[in-house]
1. Scan the stretch 28-56 residue by residue and report those that are over 19 Å from residue 10 (Cβ atoms) and surrounded by fewer than 12 Cβ atoms within 10 Å (Cβ to Cβ).
2. Name the pairs whose Cβ atoms lie under 6 Å apart, with the first residue in the stretch 40-66 and farther than 21 Å from residue 17 by Cα, the second at pLDDT 95 or above, and 6 or more positions between them or separate chains?
3. Can you work out which of the residues in the stretch 21-35 that are closer than 10 Å to residue 68 by Cα and β-branched (Val, Ile, Thr) is nearest to ligand 1 (Cβ to nearest atom)?
4. For residues that are crowded, with 20+ Cβ neighbours inside 10 Å and of a type in the set (Gly, Ala, Ser), tally how many sit in the stretch 94-110.
5. Read through the list (1) farther than 17 Å from residue 17 by Cβ; (2) within 12 Å of ligand 2 (Cβ to nearest atom), then give the number of the only condition that residue 121 fails.
6. For a quick check of your reading: which strands (runs of 3 or more DSSP E) sit entirely within the stretch 1-83 and have at least 2 residues that are within 13 Å of ligand 2 (Cβ to nearest atom)?
7. Kindly check whether there is at least one residue in the stretch 144-152 that is in a helix (DSSP H, G or I), in contact (Cβ under 8 Å) with a residue 40 or more places away in the chain and over 23 Å from residue 24 (Cα atoms).
Amino acid sequence: MDTMSVRKTLGRFASGVTVVTTARGTTGEVHGMTANAFTSVSLDPPLVLISVSTSAKMDRRIEETGRYGISVLSGEQKPLSLHFAGAAHEPDLVDFVWRDDLPLLDGALAHLTCSVRASYPAGDHTLHIGEIDGLWHRDGDPLVFFSGELRSLVSSR
Ligand code: FAD
Ligand code: NAD
């Protein structure tokens, strides 16, 4: 199947944007990666899923650490989504806060800390199922990925 058609069609499904993070211990190297393939899976136990390319450094890092953090980006954090996708260089904007021994992006709409319960190979990606250890959220407007574009969704409230 033509991959461009797959991307164009799947791109019609609007999603939020996250930055997945992990660290080798509390003093070890931190790594982050932009991901829109994030979804809720189960409430009891509370599980989420991320789909990470086998060619991404993040896939190996999660295998090593067994834990990951999710920062759900706000509408103002487009530069960070580009930075953690390797599409822009904005190191001065990167500010981590630590929760449950995991780094998370300051200013995000939501933070989750997760422990990997299962990882399944799926084509050129790996599905990492995480059990939620901790979660935090604030009000605000999200960053949205739709048709290959990153947009700020401003509510009409
Ligand atoms: P790298 O490419 O080496 O790192 C990513 C970037 O983050 C680099 O610029 C690096 O400098 C920076 N960075 C990493 N750690 C730090 C740190 N500690 N401090 C400061 N900067 C740091 N890929 C998927 O596999 N799954 C998805 O769901 C997914 N969704 C995406 C959604 C969108 C909207 C976009 C734009 C891309 C998405 N990607 C996804 C692609 C993925 O973000 C890129 O391929 C990414 O470059 C892969 O990261 P990597 O782990 O290989 O690390
Ligand atoms: P795009 O416009 O191609 O995205 C459209 C749709 O295709 C989205 O649903 C996206 O999740 C999906 N998609 C894109 N690349 C994919 C991949 N390699 N594996 C699985 N699904 C994929 O996205 P773009 O703005 O051209 O993205 C910029 C870069 O980020 C590209 O290199 C793209 O491959 C990568 N990206 C990867 C993923 C992923 O691995 N899940 C998701 C989004 C973007």
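1. 28, 29, 43, 44, 45
2. What qualifies is 45/131; 65/22; 66/116.
3. 21
4. Total satisfying the criteria: 1.
5. (2)
6. 18-23, 30-35, 38-43, 46-53
7. Going residue by residue through the stretch 144-152, those that are in a helix (DSSP H, G or I) are none.
No, the stretch 144-152 contains no residue that is in a helix (DSSP H, G or I), in contact (Cβ under 8 Å) with a residue 40 or more places away in the chain and over 23 Å from residue 24 (Cα atoms).
Rundown of residues vs (1) aromatic (Phe, Trp, Tyr); (2) exposed (fewer than 13 other Cβ atoms within 10 Å of the Cβ); (3) in a loop (DSSP other than H, G, I, E, B); (4) away from ligand 1 (no atom under 11 Å from the Cβ), yes/no style:
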site: 92; (1), (2), (3), (4): no, yes, no, no
site: 112; (1), (2), (3), (4): no, no, no, yes
site: 116; (1), (2), (3), (4): no, no, no, yes
site: 119; (1), (2), (3), (4): no, no, no, yes
site: 126; (1), (2), (3), (4): no, no, no, no
site: 155; (1), (2), (3), (4): no, yes, yes, yes
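The values are calculated or read from the model by the stated rules, or taken from the named source; none is laboratory data. Just so it is clear, the structure is predicted and the values come from calculations on it, not from any experiment. All Cβ positions, glycine included, derive from the backbone under ideal geometry; neighbour counts span all protein chains shown.
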